[in-house]
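Comments concern the structure below.
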DNA sequence: CTTGACTCTCCCATGATGGGAAGGTTTACG
DNA sequence: CGTAAACCTTCCCATCATGGGAGAGTCAAG
């Protein structure tokens with residue numbers, strides 16, 4: 001299977017697959033005589049694993065750690081769990097930050113009449129210390 | 001006032017101020033004979049405006065639009081409000097995406113006993129299509 | 001006059017991805 | 001068999017907002 005087909009099968013772009021290989025997230029696999037990368041079903045499995053981890057917001061570095069654990073029959077599930085919990089805490093922090101921004105903005109927007117006049121509490125709120 | 005003091009007074013780094021000038025977000029101001037940038041109180045005001053807008057998650061491009069409106073005595077507050085509402089919608093989308101990730105992860109983590117054994121529903125969940 | 005704290009510009013790095021150029025390969029069709 | 005389309009290769013550059021650091025110039029205090 002060529003890279004395009006592997007990309008379609010795993011739901012990512014060929015660019016991404018090459019990039020993942022370039023940064024060492026996945027190993028360089030076999031090539032045809034003319035230099036085309038070749039992928040088998042198990043490679044697609046791996047790529048799908050990566051894609052799902054990305055869908056859950058894991059960084060490529062974290063995914064590297066997840067892949068090590070995935071490969072390791074001696075792993076402790078506690079290690080995987082710890083990684084996931086760290087990531088949840090990270091998500092929580094980001095959600096909280098965005099939610100705070102949202103609340104402040106909503107308050108400003110609510111105070112703004114939003115008509116043709118220049119008077120605007122949103123700009124005032126940005127201009128003045130809170 | 002030199003750039004370092006302006007940076008401290010506005011809560012951003014000197015690097016950022018130079019960068020904002022470089023991309024045209026703020027105008028190049030006066031310089032001393034030897035080339036040092038000089039800032040006055042009103043410049044610090046502007047920088048603080050930018051900083052607060054960034055704290056609310058506006059992109060530098062959006063901040064450029066906000067600054068235009070800020071400068072324009074003929075502005076309609078409706079334009080400001082629209083910009084803010086667009087940004088709120090953007091925040092909502094990001095919050096929703098992160099919240100979805102979080103929920104999925106929490107479910108996986110809850111299923112994982114997290115001990116010394118290799119058996120791990122988190123890895124299984126990443127490996128199998130959902 | 002030296003030292004240390006500033007400032008200047010310029011280039012490079014981040015993280016994850018896309019765009020595109022210039023060139024080689026494979027496939028399908030007439 | 002020839003050619004065109006659809007692939008593939010590597011390499012470089014762009015994004016977004018920011019930081020790091022080199023190498024050089026400036027300023028103030030001791």
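Quick note: the coordinates plus some simple rules give every number you see, no bench work behind them. Treat the numbers as computed from the prediction; the structure is a model and nothing was measured. Ideal geometry is used to build each Cβ from the backbone, glycine not excepted, and the neighbour counts take in all protein chains shown.
Would you say residue B:58 is surrounded by 16 or more Cβ atoms within 10 Å (Cβ to Cβ), under 16 Å from residue B:16 (Cβ atoms) and at the interface with chain A (Cβ under 7 Å from one of its Cβ atoms)?
Details: surrounded by 16 or more Cβ atoms within 10 Å (Cβ to Cβ): yes; under 16 Å from residue B:16 (Cβ atoms): yes; at the interface with chain A (Cβ under 7 Å from one of its Cβ atoms): no.
So residue B:58 does not fit the description; no.
Which pairs turn up if I take residues in segment B:107-130 that are in contact (Cβ under 8 Å) with a residue 24 or more places away in the chain and look for partners that are outside any helix (DSSP H, G or I) with beta carbon separation below 6 Å, at least 6 apart in sequence or on another chain?
none
Hey, among the residues in segment A:20-45 that are loosely packed, with under 15 Cβ neighbours inside 10 Å, near DNA strand D (Cβ under 9 Å from one of its atoms) and in contact (Cβ under 8 Å) with a residue 24 or more places away in the chain, which one's farthest from the other protein chains (Cβ to nearest Cβ)?
If we take residues in segment A:20-45 being loosely packed, with under 15 Cβ neighbours inside 10 Å, near DNA strand D (Cβ under 9 Å from one of its atoms) and in contact (Cβ under 8 Å) with a residue 24 or more places away in the chain, then A:36 is farthest from the other protein chains (Cβ to nearest Cβ).
Would you call residue A:96 more than 9 Å from chain B (Cβ to nearest Cβ), under 26 Å from residue B:86 (Cβ atoms) and out of contact with any helix residue (DSSP H, G or I) (no Cβ under 8 Å at 6 or more places or on another chain)? First the steps, then the outcome.
Numbers: more than 9 Å from chain B (Cβ to nearest Cβ): yes; under 26 Å from residue B:86 (Cβ atoms): yes; out of contact with any helix residue (DSSP H, G or I) (no Cβ under 8 Å at 6 or more places or on another chain): yes.
Yes, satisfied.
So that you can scan it fast, the table gives a plain yes or no per residue for (1) touching a helix residue (DSSP H, G or I) at 6+ places or on another chain (Cβ under 6 Å); (2) within 10 Å of chain B (Cβ to nearest Cβ); (3) more than 28 Å from residue B:54 (Cβ to Cβ); (4) without any contact (Cβ under 8 Å) to a residue 40 or more places away in the chain:
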site	(1), (2), (3), (4)
A:47	yes, no, yes, no
A:62	no, no, no, yes
A:68	no, no, yes, yes
A:78	no, yes, yes, yes
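Name, by its number, the condition in (1) over 21 Å from residue B:125 (Cα atoms); (2) buried (at least 18 other Cβ atoms within 10 Å of the Cβ); (3) more than 8 Å from chain B (Cβ to nearest Cβ); (4) away from DNA strand D (no atom under 16 Å from the Cβ) that does not hold for residue A:17.
Failed condition: (4).
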